[in-house]
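The values are calculated or read from the model by the stated rules, or taken from the named source; none is laboratory data. On a predicted model such as this, the values are computed, not experimentally measured, just so you know. With ideal geometry, Cβ positions are generated from the backbone for all residues, glycine too; neighbour counts draw on all protein chains shown.
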Amino acid sequence: MLLKMRNINKKYPGVQALDDVDFSLEAGEVHALIGENGAGKSTLMKILGGAETPDSGEITVKGQTLSHLDPLAARKAGIAVIYQERNLVPAMDAMENIFLGKELQGMRGFINSNLMYRETEKLFQSLHVSIPVDVPVIKLPVAQQQMVEIAKALSENAEVLVMDEPTAALTEKDVENLFSIIQRLREKGVGIIYISHRLEEVMSSCDRYTVLRDGKVVGSGNITDVDEQKLVNMMIGRKLEKEVSGKKSSAVGQEVLRVEGLTRGNVLKNVSFSVYSGEIMGIAGLVGSGRTEVVRTIFGADQLESGTIYLDGKPVKIDSPHTAVKLGIGFCTEDRKTQGLILPLPIRENVGISSLHKFCTMGLVSEQKQDECTYRLTKKLDLQPPDIWRTTGNLSGGNQQKVVLAKWLATNSRVLILDEPTRGIDVGAKAEIHNLMRELAEQGLAIIMISSELPEILLMSDRVLIMYRGEVRGELPREKATPEIVWNISQGLQPAKASS
């Protein structure tokens with residue numbers, strides 16, 4: 001037995017985050033820790049990693065009771081945590097982040113940058129990824145940042161490794177590589193705590209499970225003794241509402257947005273497409289295919305070199321996100337932590353920040369109107385806890401995503417761009433957001449959705465746009481978008497401009 005956590009309790013103002021939680025981990029096993037957003041998973045792991053202090057309870061690693069845990073003590077005890085929200089220094093490169101606080105030294109105690117560079121390259125080679133070592137991580141795609149986090153944890157030679165939603169930002173190929181790494185680690189006797197909302201990964205890769213609900217353990221045992229439905233029932237404690245996203249929208253109307261010949265260096269190459277009111281258009285493709293870059297350009301976050309954007313058939317110049325918002329375009333970014341939210345502010349301020357003009361009378365903001373709007377949207381999205389003054393940074397990742405959605409719903413956007421809208425969200429909330437997307441489409445909203453989950457693209461999209469190396473390589477209606485065809489086009493294995 002590597003790890004035992006007994007009777008762990010943690011209370012925040014108004015919330016019992018953990019209530020007498022027991023958890024154990026054996027050498028060489030992958031133990032799934034699952035539950036809805038806000039169930040207490042991340043809090044328990046923050047306590048294990050020394051980022052939070054429990055109110056009471058006991059933690060034992062390899063038979064030794066740890067009386068006090070801070071991040072340094074946890075690292076010395078052989079514990080490494082890959083948090084769901086990345087914990088990198090944006091201005092530092094991959095090498096500097098990986099060896100931060102444990103820099104390798106050469107002769108006379110000087111930092112040996114050449115050695116750290118070589119070791120970083122070895123780590124990336126072991127992960128089967130190609131990432132520039134000396135580029136600030138803020139310039140890397142989200143998926144590559146996630147792989148830097150994984151490399152950072154592996155560099156610790158940890159015996160207890162926590163992975164909190166490790167595959168949320170990864171492509172299918174990267175996920176396969178990650179599971180190969182997990183298998184090699186378990187063969188070396190490393191114990192892995194695996195947190196994921198993707199139950200198919202849990203069922204295929206984990207040995208045991210523990211389910212948290214409302215801060216309490218509601219089930220644990222061998223993964224072979226349960227199926228996905230039993231896990232869902234334990235997680236949510238209620239019958240999961242059926243998604244209404246299985247059929248094509250009946251409200252598809254006039255063209256709202258059209259782009260022609262969008263070009264930006266080698267990132268975007270002559271990209272053209274249209275989006276219609278009442279439609280959900282999914283954009284599929286591998287990380288680096290240009291999916292996020294094209295919507296950032298439409299939103300004015302990235303500058304356009306050439307090409308034209310049309311709204312209601314009229315050309316418009318979008319030179320900043322502010323202009324895009326004024327024109328009725330909303331954008332839920334893939335990185336909610338750094339681009340979608342101001343974490344130190346309360347939920348109320350984040351929800352209203354892009355629509356303050358709606359609450360103004362003679363230049364003054366009506367707090368009553370802002371409160372009413374925030375309460376209405378947080379109730380609609382079932383935000384937990386339902387406290388609009390709660391600091392956004394203290395919410396679980398899934399509830400932070402709901403705040404981002406609420407922010408753009410408050411603006412009454414006509415075009416809503418959703419980049420990975422259900423990343424890090426549990427099965428119950430995922431169904432709720434899918435149903436909300438379909439409801440908004442039925443009301444006439446034009447929705448562009450990007451997702452790394454191919455099943456989600458195929459489930460939700462009325463039409464699928466497929467990108468490869470900055471180009472639109474395929475455009476397919478729902479009925480022709482099979483997993484095999486979409487995958488082959490996104491890999492460049494099928495001719496460009498697949499027939500629609």
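Tell me whether the stretch 309-330 contains one or more residues that are more than 27 Å from the chain's Cα centre (by Cα), of a type in the set (Ser, Thr, Tyr) and not in a loop (DSSP other than H, G, I, E, B).
Within the stretch 309-330, one or more residues are more than 27 Å from the chain's Cα centre (by Cα), of a type in the set (Ser, Thr, Tyr) and not in a loop (DSSP other than H, G, I, E, B).
With β-branched (Val, Ile, Thr) and over 17 Å from Cys206 (Cα atoms) as the only criterion, which of Val162, Val190, Val137 stands out?
Of Val162, Val190, Val137, the one residue that is β-branched (Val, Ile, Thr) and over 17 Å from Cys206 (Cα atoms) is Val137.
Could you go through the stretch 445-454 and let me know if any residue there is outside the structural domain of Val202 (by TED's automatic domain parsing) and in a helix (DSSP H, G or I).
Looking through the stretch 445-454, at least one residue is outside the structural domain of Val202 (by TED's automatic domain parsing) and in a helix (DSSP H, G or I).
If the requirement is being of a type in the set (Gly, Ala, Ser), without any contact (Cβ under 8 Å) to a residue 60 or more places away in the chain and crowded, with 20+ Cβ neighbours inside 10 Å, which of these qualifies: Ala429, Ala441, Ala410?
After ruling out the rest, the residue left standing is Ala410.
Just give me the residues in the stretch 479-497 being assigned to a helix (DSSP H, G or I), modelled with pLDDT of 85 or more and under 25 Å from the mean Cα position of the chain (by Cα), in sequence order.
Within the stretch 479-497, Val486, Ile489 meet the criteria.
Could you say whether any residue in the stretch 51-74 is in contact (Cβ under 8 Å) with a residue 60 or more places away in the chain, in the same structural domain as Leu231 (by TED's automatic domain parsing) and under 30 Å from Val133 (Cα atoms)?
No, the stretch 51-74 contains no residue that is in contact (Cβ under 8 Å) with a residue 60 or more places away in the chain, in the same structural domain as Leu231 (by TED's automatic domain parsing) and under 30 Å from Val133 (Cα atoms).
Which of the numbered conditions does Glu442 fail, given that it passes all the others? Conditions: (1) charged (D, E, K, R); (2) within 18 Å of the chain's Cα centre (by Cα); (3) under 27 Å from Leu311 (Cα atoms).
(2)
When you scan the stretch 107-207 for helices (runs of 4 or more DSSP H) that lie fully inside it, which ones turn up with 2 or more residues that are within 17 Å of the chain's Cα centre (by Cα) and either modelled with pLDDT under 90 or surrounded by 17 or more Cβ atoms within 10 Å (Cβ to Cβ) (or both)?
142-154, 172-187, 199-205
Tell me yes or no: at least one residue of the stretch 33-43 is outside the structural domain of Arg336 (by TED's automatic domain parsing), surrounded by fewer than 18 Cβ atoms within 10 Å (Cβ to Cβ), at pLDDT below 90 and not basic (Lys, Arg).
No - not one qualifying residue is present in the stretch 33-43.
Only one of Leu409, Leu405, Leu377, Leu381 is of a type in the set (A, V, I, L, M) and under 15 Å from the mean Cα position of the chain (by Cα); which?
Leu405
Hey, any hits in the stretch 370-387 for a residue that's assigned to a strand (DSSP E or B) and out of contact with any helix residue (DSSP H, G or I) (no Cβ under 6 Å at 6 or more places or on another chain)?
Looking for residues that are assigned to a strand (DSSP E or B) and out of contact with any helix residue (DSSP H, G or I) (no Cβ under 6 Å at 6 or more places or on another chain), one finds none in the stretch 370-387, hence no.
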